[in-house]
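Reading through the structure tokens given below for one structure.
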Amino acid sequence: MYKIIRPLLFSLDSERVHDLTLKALATAGNTGLATTAMPARVEDPVELLGCRFSNRVGLAAGLDKNAACIRGMSALGFGFIEVGTVTPKAQPGNDKPRMFRLPEYEAIINRMGFNNLGLNSLIANVSALQSKGITCPLGINIGKNKLTPADQAANDYIQCLEGVADLFDAGLANYVTINLSSPNTPGLRDLQFGDELKKLLEAIVGKREQLAGQRGRSIPLLVKIAPDMAKDDLLSVADQLVHHGIDGVIATNTTIDKSSVADSPYADEAGGLSGSVLFDKSTQVVSDLRKHLGNAMVIIGVGGINSSVQAVEKMAAGADLVQIYSGLIYQGPSLVRQSAKAIRDA
């Protein structure tokens, strides 16, 4: 079915299709239609980060920024879902146009800029699921507002962590991802390195420990990193994450290297590149991290998964779980179950 309707979807503006799809999924999920219409989720359970993942294939952050269609997304067969990136205050993001399809490469360039309705809206949307329940683990991806100076970034992350703590107490959320790697918020990626990273992690982990003392449970923390680091920098960052007690790493975000799409008419557009062309680079990061870290940390592999074969390859490189986003746009919902089944049967 998706192959039939994809040409129509691709004839429309990419962000408009994005918005229409989210509205449709939200409606289908809230009415129960999605659960009725879709096949059963592939079961391949695994215990990680203190919870049970139904299968190893998750939705990457960035698609459902406001947690508006969790039940609809869950019905597509995901083993877990990550919403956000959410910032303390609502912000419109960057000027449009800010999303570009590169179908000849099965890739996307975006410079959305953490457009979202803000922390309170996301909390309200997740809380509204209390009566209906959430059928798979939920991660919440947090970031800083564009206008927040880099030296005050920790305050934004701490505000988000404090804000979502009640969701963990209610059993509605399972982990938090600290997004330091979007290329679309000025100065954000600088927080991945050296003293800036050290100060940020100390502040966030300190707040987590305070909340754990008050509430009797510790929120699992992951950090999402960029694929564009030199290997020495990557391993140094990994050591910092372990040292500060971070539970996992998501590898990777989009890349700013567009050499692989140099002949595209969109090659000079600012923003992060995702899709098939990111697969090798992001998978190498997963491999380098696993070899360096051993079993010290959970690794979620994301970037360029466009087939079930690539999902298995990402796992073979050392990922404990995988996430997809661009592949969903190019291949449709069947990619979720195909990938989960292939990983289970590998």
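Every number here is computed from the coordinates shown, using simple stated rules; none is lab data. As the structure is a computational prediction, the values presented were derived from the model and not from experiment. Glycine also receives a Cβ, built like all others from the backbone with ideal geometry; neighbour counts cover every protein chain displayed.
If I take R0 = 22 Å and measure r between the Cβ atoms of Asp232 and Ile256 in this structure, what FRET efficiency does the formula 1/(1 + (r/R0)^6) give, to the nearest 0.05?
On the way: r = 19 Å, r/R0 = 0.86.
The computed FRET efficiency comes out at 0.70.
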Mean Cα-pair separation over length for the chain, i.e. relative contact order, pairs under 8 Å, 6 or more apart, %: 17 percent
Among (1) 6, 26, 34, 23, 9, 2, 0; (2) 6, 27, 38, 25, 4, 0; (3) 5, 17, 22, 23, 19, 10, 4, 1, 0, the entry that matches P(r) over Cα pairs in 10 Å bins from 0, in percent as calculated here: (2)
For segment 74-87, Karplus couplings with θ = phi - 60° (6.51, -1.76, 1.60), whole Hz, Gly/Pro x: 4, 5, 6, x, 5, x, 6, 9, 10, 9, x, 6, 10, 10
Hz values of 3J(HN,Hα) by residue in segment 276-293 - Karplus curve (6.51, -1.76, 1.60), Gly and Pro given as x: 3, 5, 8, 4, 4, 5, 5, 5, 5, 4, 4, 4, 5, 5, 5, 5, 7, 8
Integer Hz, Karplus 6.51/-1.76/1.60 couplings in order for segment 299-309, x for Gly and Pro: 10, 9, x, 9, x, x, 6, 10, 7, 5, 4
Simple spin-label estimate for Ala90 and Thr27 in nanometres, 7 Å along Cα-Cβ: 2.2 nm
Residue (of Leu241, Gln284, Leu221) at the positive-pole extreme of segment 2-345, dipole from beta-carbon charges: Leu221
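Exposure proxy check: Met315, Met73, Met1 ranked by fewest other beta carbons within 10 Å?
Details: Met315 21, Met73 28, Met1 8.
Placing the least packed residue first, the sequence is Met1, Met315, Met73.
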Relative packing of peptides 5-16, 256-267, 110-121 - highest average C-beta neighbours within 10 Å first: 110-121, 256-267, 5-16
